Structure formats: C-alpha cells, structure tokens
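The values are calculated or read from the model by the stated rules, or taken from the named source; none is laboratory data. None of these values were measured; they are calculated from a predicted model. When we count neighbours, we look across all protein chains shown, and the Cβ atoms used for this are built from the backbone with ideal geometry, even at glycine.
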Amino acid sequence: GLTGATLVLVLMTYPYALLMIRGTLRRMDPSLEEAARAMGYGAFRTFITVTLPLIRPAIAAGSLLIALYTLSDFGGVALLRYQTFTSTIMIHYESSLDRTVAAVLSLVLVGCAVLLLLGEGFIRGSGAYHRSTVGAVRRSRRIDLGRWRWIGFLVVALPVVVGLIIPVGVLCHWLVRGLLHDQELLPLLIPARNSLYVSLVAALVTVIAALPVTILVVRFKSRLSRLIDRSTYIGFGLPGVVVALSLVFFAINVALPLYQSIWLLVFAYGVLFLPTSVGALRSSLMQVNPRIEEAAQGLGKSQLRVFFSVTIPLVMPGAFAGGAMVFLLTMKELPATLILSPIGYRTLSTSIWSSASEAFFAKTAAAALLLIFVAGVPTAYLTLRGYGSSSEKLNQTLSVTSNEES
C-alpha cells in the first residue's frame, strides 16, 4: 500500500540528499558561521540565517533527484502492489500490442518531471554560493550536544536500523537456510563481476559527461544553459523501460552495431542518471570563487591548465559524490538492464529479479547480500577516501595559488 511504498522509497532515496548535503557542508566557509556567532546569533538562528541558505542548492538538487526517482521507480512499488505510473506503463508495454496508452502515460510522467524541475529552480534561486576567501578550507567547529547527544544518535541511527540492519538480517536468515540445503554461491561471481564493471564504467562516463554541462550552467549563465540544465533531468524522470525501449528502436533502425552491446547499456545509464552527477558537481562548482580561476589566468596560465590544475581539484568532492550515486543507481537498475543487456549477460540485479520471480528466496538472498557488499564497499571508499584526498589536493592547490600571487 501507500504507507509501505512511502517507507521503502524514503529509506532507498535519503542517501542521495545525504551525500549532496554532506559534500556541501564540508566545503562551506566556516568563517561565515563564526561571524554570525560573534554578532550574538545563537546556534539555531545561525543555522536558519547562514547555514541553511548556503546548503539550499544541495537540498534542492537532492530533493529533485528523490522526487524524480520516486516518479520513475518500478521494483519497490511493484513488489508492494501499489499502482503507479511506471507499473501501469510496464503492464501496457508487456501485455498490449497497442502502446498508445503507455506512450500517453509516459508523456504525463514527463510533464510531472518538468513541474519538479521548475520547482527546484525556484527553491535553489539565482544567488551566488561560492566561498568568500581563498583560505577558507578548514574544519568547522565541533558542537557539543550535551544531554541531547543520545537523542541525536537515535535519530541518526533509526534509518540505518530500519533500512539496513533489519533487511540484512532477514537476508542472512534466508542465506543460512539456503546453505543448509547445499546452495552454491560460486555462480554469483560472474554477475557480480559484470555489475561491478558496468557500474564503474557508467559512473566514470557519466561524471565526464556531466562536467562540461555543469561548467556551462554555472559559469556561462543564459537561457540556453538553463534549458540544457533542465533537459538533463528529463531522462531521470522517465521509467527505465521507456528509455530502454526507445534505445532499442534507435539501435535497430539507426545504429545496428550498438544493439546488444555494453555501450548501449552504458549510454542508457548515462541518460537515466546524468542528473545525479550534474547536481553534485553544480553544488561544488557554485562554491568555487571565480576569482581563484581569474587569478590563475592572470599568472599566465592557459584556460586549459587552469581547468585541470585549479577547477578540477576544487570540484572533486562533487565528482566523487556524483560518481558514487551513479554507481549505486546503476548497480540496482533493473528494467533497462533486462532489456538492453547482451544475451547471456547477467548482473546481480537481474539475478535477484529472476530468483524472486521464481520464489527462490535463498538464491535471492545470496544475490542481494552480494549486491549490498559489491555496491557498499566501493561506495564507502569513494565517499570517505575520495573526500579526504580531494581536500588534500584542494589545500595544495590553494596554497600554491596564494604563494604565486604573493
């Protein structure tokens, strides 16, 4: 029903906003909050008047991704027997020779996505969010919660317990039952390798494709750039089955060598998940003061050298966050993978779907746990180590620029 579908989608999508807001908070200028405290502002007033406006782009981008994902989700709502646009579209594509109804529903879904895009632009606003000084990359002051510490811990731990520990416990129960009945796990290594490979390639390609779009939107503001920015989000609001079938028709009629190839599947992932990288990169680039790049150009560096030596290190936190989110989304994408994968090319998501549809819950549990492991370990590495290495490169870049200016 609606309650179960809402709970599942909340637990599935809150990390998208978490990663974006976390990256923005790590890059935020702490001197602004310190100045507000020096003027007598309390913690709550400082958050409302200083912190919240600065993280508004990340909140807007994360909310947009969550809303678009909810519109296009199929697996969760289908298993919970809650009828949505995507489930209805899938039914009409599979059971009817006349695809007119599905096409009309897809157009309605596109209209809903456009409304969400307009709302995100209104929430984000058109202000500047870059840091005020060059040497502002440092840790913010740690706040002691006092007696509220344990309450805060419970609030933070609740999504982890409900969304991770309990489901993993159930999967472990089914896995143990399968192992007691001599279930083999080695056949899952090939789907795991395929999932890891295609997800890494999709994450890299999508981040590279999102970088010029982000620079155009942030540094060269115009109606055209805003139109391009909004158009990248349309694919995310479409069901994967619609995008996949469109690419099948395109490949068969226009680019036959791409049909049944990994690159067509990667292209579909790029169409579906490009907004995740654009949103993360945009939040980071909006905090980069353009004067830093102008100072480097004033020292005789070419625009290309400034781009690689200054801009790229500054936006690396957003690139890591965007790549991690694309990796996660690609690992569990089902409709596009089922339709566009080459014959015999199995991934963990397709293995889970086939096992669950045949009521082999022990096999489903094994594949699901392996999916959690394969997706969780690289994502944790990208999130934790990626932000750390980016901060070190950022400090080195800023110190070199400051020394050259002096």
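Of the numbered criteria (1) buried (at least 16 other Cβ atoms within 10 Å of the Cβ); (2) modelled with pLDDT under 80; (3) of a type in the set (Val, Ile, Thr), the one Ile21 fails is (2).
The set of residues from region 273-290 being out of contact with any Ser or Thr (no Cβ under 7 Å at 6 or more places or on another chain), outside any loop (DSSP other than H, G, I, E, B) and at pLDDT 75 or above comprises Thr276, Gly279, Ala280, Ser284. Those helices (runs of 4 or more DSSP H) of region 1-112 in which 2 or more residues are β-branched (Val, Ile, Thr) occupy 2-27, 56-72, 85-95. Here are some conditions: (1) of a type in the set (Ser, Thr, Tyr); (2) surrounded by fewer than 23 Cβ atoms within 10 Å (Cβ to Cβ); (3) within 30 Å of Leu25 (Cβ to Cβ). Ser283 meets all but one. Which one does it not meet? If we test Ser283 against (1) of a type in the set (Ser, Thr, Tyr); (2) surrounded by fewer than 23 Cβ atoms within 10 Å (Cβ to Cβ); (3) within 30 Å of Leu25 (Cβ to Cβ), just (2) comes out false. Would you confirm, using the coordinates I've provided, whether Gly270 is in contact with a Ser or Thr (Cβ under 6 Å, 6 or more places away or on another chain) and part of a helix (DSSP H, G or I)? In short, yes.
Can you confirm whether Val110 is hydrophobic (A, V, I, L, M, F, W, C), more than 30 Å from Ile143 (Cα to Cα) and either in the same structural domain as Phe273 (by the TED database) or at pLDDT 80 or above (or both)? Spelling it out, it is not the case that Val110 is hydrophobic (A, V, I, L, M, F, W, C), more than 30 Å from Ile143 (Cα to Cα) and either in the same structural domain as Phe273 (by the TED database) or at pLDDT 80 or above (or both).
This table checks each residue for (1) surrounded by 24 or more Cβ atoms within 10 Å (Cβ to Cβ); (2) in the same structural domain as Ser246 (by the TED database); (3) closer than 19 Å to Thr13 by Cβ.
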| position | (1), (2), (3) |
| --- | --- |
| Val310 | no, yes, no |
| Met316 | no, yes, no |
| Val326 | yes, yes, yes |
| Lys332 | no, yes, yes |
| Ile339 | no, yes, no |
| Thr364 | no, yes, no |
| Ile372 | no, yes, yes |
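Could you list, in sequence order, all residues of region 139-183 that are without any contact (Cβ under 8 Å) to a residue 40 or more places away in the chain and outside any helix (DSSP H, G or I)? Within region 139-183, Arg142, Asp144, Leu145, Asp182 meet the criteria. Condition first: surrounded by 20 or more Cβ atoms within 10 Å (Cβ to Cβ) and closer than 25 Å to Ala319 by Cα. Can you find one or more residues in region 33-51 that meet it? There is no residue in region 33-51 that is surrounded by 20 or more Cβ atoms within 10 Å (Cβ to Cβ) and closer than 25 Å to Ala319 by Cα.
Of the helices (runs of 4 or more DSSP H) that lie entirely inside region 310-406, those containing 2 or more residues that are at pLDDT below 80 span 312-332, 348-357, 361-405.
Among the candidates Ser277, Ser284, the residue that is of a type in the set (Ser, Thr, Tyr), within 27 Å of the chain's Cα centre (by Cα), outside the structural domain of Leu25 (by the TED database) and closer than 14 Å to Arg219 by Cβ is uniquely Ser284.
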